[in-house]
Amino acid sequence: MNNNNAPLLTLDKVSKSYGHGQAVNNVSLAIRENEFFALLGPSGSGKSTLLRMLAGFETPTSGSIFLDGRDISPIPPNRRPLNLMFQSYALFPTMNVRDNIAYGLEMERLPKDEIAQRVDAMLATAQLQEFASRRPDQLSGGQRQRVALARALIKRPRVLLLDEPLGALDKKLREKMQLELKRLQNEIGITFIVVTHDQEEALVMADRMAVLKDGQVSQCGTPTELYENPRNRFVADFIGVSNLIEGTRLPGNLIEAGGQTLRIEPTPEEVSGQIALALRPERLQVLGPTTRTCDNEVNGQVVEVAYHGLDTNLHVSTPVSGKPLIVRVSSSEHEFSSFMTGMPIRLGWNSQHARVLSR
Ligand code: ADP
Ligand code: MG
């Protein structure tokens, strides 16, 4: 067994190149037991390649992968305690749900009554009891997804690898299945590594996540860490909505942007030259005549009013950024109809709420 401090799975400087291109470039990660870990990145960033190397379907060009401290490179895919669930689910079309789920245990030639017991338990966990005798073509997309999960989980792998598991589902069902996956992972208590290109999905599901860009880990941390403290422009932009204000560092905790001097959080003088401020839409305030105090204020003009129900996003052109700043105002706090395209507006934020990015 694993002691609590040692990671379950360690990737040490793992790279993979195909001919000219480098799909995965020097990735080091440590994934803990029972963690729900997400690999997040745009298409082509190397997520699937990384997962296939973990499963053993690809061999790293360099670097090593350790499970419980042991190098797993000599272990063939079918003997690794890591199970990859394919996006296509690959259910057997002529078998019913119960037989699909039992298949892996049948192959292991386990005693009949043990198989029956484990399948019953898994049908209950995956909430599939009432569908046990249906064939895959008699199920909805979400139900098929649950069968595929049940089939992978019943073999009790140490780690379940999922490549865009919800990619084929529509938005409503995706959101439901995100919570379902989290519940299953919690209940069964095994490590999940889920690949997704959907940042919201990663934020909802993951205990920790790694953001990949061009085969490299751009940043790794909890959803809150990545949202609150993005380390570079890519992560700030990829996760959630960020306003990026590009500027030039001035002496003191100041920058110059579009002819205006803005205050920044206490930042070492070494961070100099072209830097950016990342500012979340909910951190910007619309300043009225009876102004709350902010240590930064800019004048602008509303160029778009986007109503989202619970809140409204105002797009505001200002001198400090080439792109309009997005400001989230809550509909309960402001009368939505009081904002109109073209109207002048004053925005403010506190320097402690803007992250300084040098990369
Ligand atoms: P993602 O899953 O993040 O979309 P992939 O891991 O599939 O990214 O691909 C990463 C990069 O590696 C891409 O540029 C892709 O074209 C390339 N690649 C992936 N698999 C192969 C392969 N078998 N042969 C050649 N290039 C590949
Ligand atoms: Mg992929």
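The values are calculated or read from the model by the stated rules, or taken from the named source; none is laboratory data. Not measured: the values here are computed from a predicted model. Every residue, glycine as well, gets a Cβ built from its backbone with ideal geometry; the counts of neighbours run over all protein chains shown. For the accessible areas, the whole protein counts, side chains as well, though only heavy atoms, and no ligand, DNA or RNA atoms are used. Shrake-Rupley method; radii C 1.70, N 1.55, O 1.52, S 1.80 Å.
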| message | Taking every alpha carbon pair in the chain, what does the distance histogram look like in 10 angstrom bins from 0, in percent? | response | 5, 20, 25, 21, 16, 9, 3, 0
| How many percent of the accessible area of region 166-242 is carbon or sulfur, using a 1.4 Å probe? | 49
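Heavy atoms only, probe 1.4 Å: what % of the accessible area of region 1-50 goes to carbon and sulfur, would you let me know? List each step's numbers first, then the result.
Numbers: 1060 of 2390 Å².
Here it works out to 44 percent.
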| Comparing Leu169, Leu149, Leu29, which has the greatest mean-square fluctuation in the GNM of the chain with Cα pairs linked when under 10 Å apart? | Leu169
| task | With a Förster radius of 41 Å, plug the Cβ-Cβ distance of Glu282 and Ala168 into 1/(1 + (r/R0)^6) and report the FRET value to the nearest 0.05. | result | 0.80
| query | Across the chain, where is the longest run that never hits GluC sites (Glu not before Pro) in a DSSP loop with at most 10 other C-beta atoms within 10 Å? | reply | 109-268
| Length-normalised contact order for region 204-359 - Cα pairs under 8 Å, 6+ apart - percent | 24
| Over the chain, what relative contact order in percent results from Cα pairs under 8 Å that are six or more residues apart? | 15
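Using the Kirkwood radius over C-alpha pairs as Rh, can you work out the diffusion coefficient of region 191-298 via Stokes-Einstein at 25 °C, viscosity 0.890 mPa s, in µm² per second? Could the numbers behind the result be given before it?
Numbers: Rh = 15.9 Å.
For these conditions, the coefficient is 155 µm²/s.
Per residue, how much accessible area does region 184-259 show when a 1.4 Å probe rolls over the protein heavy atoms, in square angstrom?
Working: 2920 Å² over 76 residues.
Each residue of region 184-259 exposes 38 Å² on average to a 1.4 Å probe.
Using a Förster distance of 35 angstrom, determine the FRET efficiency expected from the C-beta separation of Met95 and Asp198, and round it to 0.05. Walk me through the intermediate numbers first.
On the way: r = 31 Å, r/R0 = 0.89.
Computed FRET efficiency for Met95 and Asp198: 0.65.
Contact order normalised by length for region 18-167, with contacts defined as Cα pairs under 8 Å and 6 or more residues apart; what percent is it? It would help to have the intermediate numbers written out before the result.
Working: 151 pairs, mean separation 41.2, N = 150.
Once normalised by length, the contact order is 27 percent.
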| task | Along Cα→Cβ, 7 Å out, is where each label goes; now give me the distance between the ones at Glu265 and Arg359 in nm to one decimal. | result | 1.7
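Restricting to DSSP H runs of at least four residues, report the calculated mean residue ellipticity at 222 nm for the chain, -39500 (n - 2.57) per run over all residues, nearest 500 deg cm²/dmol. Let's see the in-between values first.
Working: 8 runs with 84 residues, N = 359.
The helix contribution divided over the chain gives -7000 deg cm²/dmol.
With every protein chain left in place, what is the accessible area per residue of region 93-159 in square angstrom, probe 1.4 Å?
Accessible surface, normalised per residue, equals 52 Å².
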| Rounded percent of accessible protein surface that carbon and sulfur make up, region 255-310, 1.4 Å probe | 49
| For region 271-333 versus region 95-110, the gap between their alpha-carbon centres in whole angstrom | 56
